[in-house]
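The values are calculated or read from the model by the stated rules, or taken from the named source; none is laboratory data. All values derive from a computational prediction rather than experimental measurement. Cβ coordinates were reconstructed from backbone atoms using ideal geometry, including for glycine residues, and neighbour counts include every protein chain displayed. For the accessible areas, the whole protein counts, side chains as well, though only heavy atoms, and no ligand, DNA or RNA atoms are used. Shrake-Rupley method; radii C 1.70, N 1.55, O 1.52, S 1.80 Å.
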Amino acid sequence: ALSRSFSRIDLDQSRLFCDRADRLARRLDYGKGIAGAWFERSIITMRTGNIDTALIYNERSLRINDSLMIYDQLAHNYNLKGSLLLMKNDSYQAMDSFKKSLSLFKRTGDSANIVYVYNSMGMLHESLGDYDSSVYYYIQYVTMNEAAGRDEMVGIGLVNLSNLSLKLEDYPMAKAYALRSIELNRANNRGDLVVFAYKNMGIVHAKEKQYDESIRYFKLGTDLAGKIELNFELASIYINMGHMYEERML
C-alpha cells in the first residue's frame with residue numbers, strides 16, 4: 001500500500017518500499033507477497049513510461065498468482081496487462097486480457113473491482129474509435145464509484161472523460177471534466193492525473209486561442225510532472241508549450 005501511494009508522488013520512495021516488501025515476502029516464502037511486489041514494480045515502471053519492462057514485471061506477478069490460484073490478484077494482473085497492451089496499441093490482445101480480468105472478478109464475486117474493467121473497456125473502445133461505447137463505459141465507471149464514495153476512482157474517470165471530450169472536440173465538456181477532476185485528484189495524491197488535467201486545460205485554452213492561459217496550465221503540468229518523474233508526459237507537454245509560445249509571437 002505504501003509503495004502504491006508513493007508511486008504517485010515519489011518513485012524512489014515507492015521503489016524502496018516495494019523492495020522491502022519483496023525481501024520480507026521472500027524471507028517468509030510468501031508467494032502472494034512476492035507476486036504483489038512484482039505487480040507494484042510493474043505500476044512504478046509504467047509511470048516512468050517503460051511499458052515493455054512493466055509488462056515483464058506484471059507477467060512475473062501473473063504467473064505466480066496463476067500457479068497459486070490467487071484469483072483476486074490475478075484479475076488485477078490481467079486488467080493491468082490489458083492497459084499496458086493498450087499503451088502499445090495492441091487493442092485486440094488487450095481485449096482478451098480485459099475479458100479474462102472481468103471473468104475472474106465475477107468468479108471471485110468482487111463486484112467492487114469490476115469497475116476497474118469498465119474503465120479499461122472505456123479506454124479500449126476509445127483506442128478503436130468507438131467513442132459511443134467508450135463514453136458509456138466511462139460514465140458507468142464514474143457513476144458506480146460516485147455511488148460508492150470512491151473519490152479517487154471518480155477522479156480517474158473524469159480525466160478519461162476529459163481526454164475523450166477533447167477527441168470529440170467538445171471543448172466545454174473537456175474543460176468541465178478536467179477542472180472537476182483536479183480537486184479530487186489533488187485530495188487523493190494522484191499527481192499523475194492532475195498533470196493530465198493540466199495538459200488538457202492547456203490544450204482547451206490553445207483551441208480557444210487563449211495562449212497565455214494555455215501556457216500557464218502547461219507550466220503547471222511540467223512543474224508537477226518533473227516533480228513526480230512523469231517523464232513521458234513531461235516531454236509531451238513541453239512540445240505543446242513550445243507551440244503556444246510560437247503562436248503567441250505570430
So, over other residues within a Cβ distance under 12 Å of residue 153, counting Lys, Arg +1 and Asp, Glu -1, the net charge is -1
Going by average Cβ neighbours within 10 Å, how do the peptides 140-148, 178-186 rank, with the highest at the top? 178-186, 140-148
Could you pull the Cα extents of the chain along its three principal axes, largest to smallest, in whole Å? 63, 37, 33
Computed over the Cα atoms of region 65-169, what is the ratio Rg over Rh, Rh following Kirkwood? 0.98
How big is the Rg/Rh ratio for region 120-250, C-alpha atoms only, Rh by Kirkwood, two decimals? 0.98
Report relative contact order for region 78-232 in percent, whole number only (criteria: Cα-Cα under 8 Å, sequence separation at least 6). 13 percent
Which value in nm describes the separation of the simple spin-label points at residue 56 and residue 146, placed 7 Å from the Cα toward the beta carbon? 4.3 nm
Which value, in nm² and rounded to one decimal, describes the direction-averaged projected area of the C-alpha convex hull of region 26-110? 5.4 nm²
So between residue 130 and residue 110, what do we pick up on full extension, going 0.36 nm a residue minus the alpha carbon distance? 4.5 nm
State in Å² the accessible area per residue of the chain; use a 1.4 Å probe, count heavy atoms of protein chains only, and round to the nearest integer. 50 Å²
FRET efficiency (residue 245, residue 167; Cβ distance; R0 35 Å; to 0.05) is 0.90
In deg cm²/dmol and to the nearest 500, what is the mean residue ellipticity at 222 nm of the chain if only DSSP H runs of at least 4 residues count, each as -39500 (n - 2.57), divided by the residue total? -27500 deg cm²/dmol
Which of 79, 202, 235, positive extreme of dipole for the chain (C-beta unit charges): 79
Within the accessible area of the chain, what % is carbon and sulfur when the probe is 1.4 Å and the other protein chains stay in place? 52 percent
Pairing the Cα long axis of helix 91-107 with the longest principal axis of the chain, what angle in degrees results, from 0 to 90 and rounded to the nearest 10? 50 degrees
Under the 7 Å Cα-to-Cβ spin-label approximation, residue 48 and residue 88 lie apart by a distance in nanometres of 1.8 nm
Spin-label model distance (nm) - residue 213 vs residue 26, 7 Å beyond Cα toward Cβ: 5.3 nm
Lysine pairs in the chain 8 or more apart or on different chains: how many have alpha carbons under 16 angstrom apart? 13
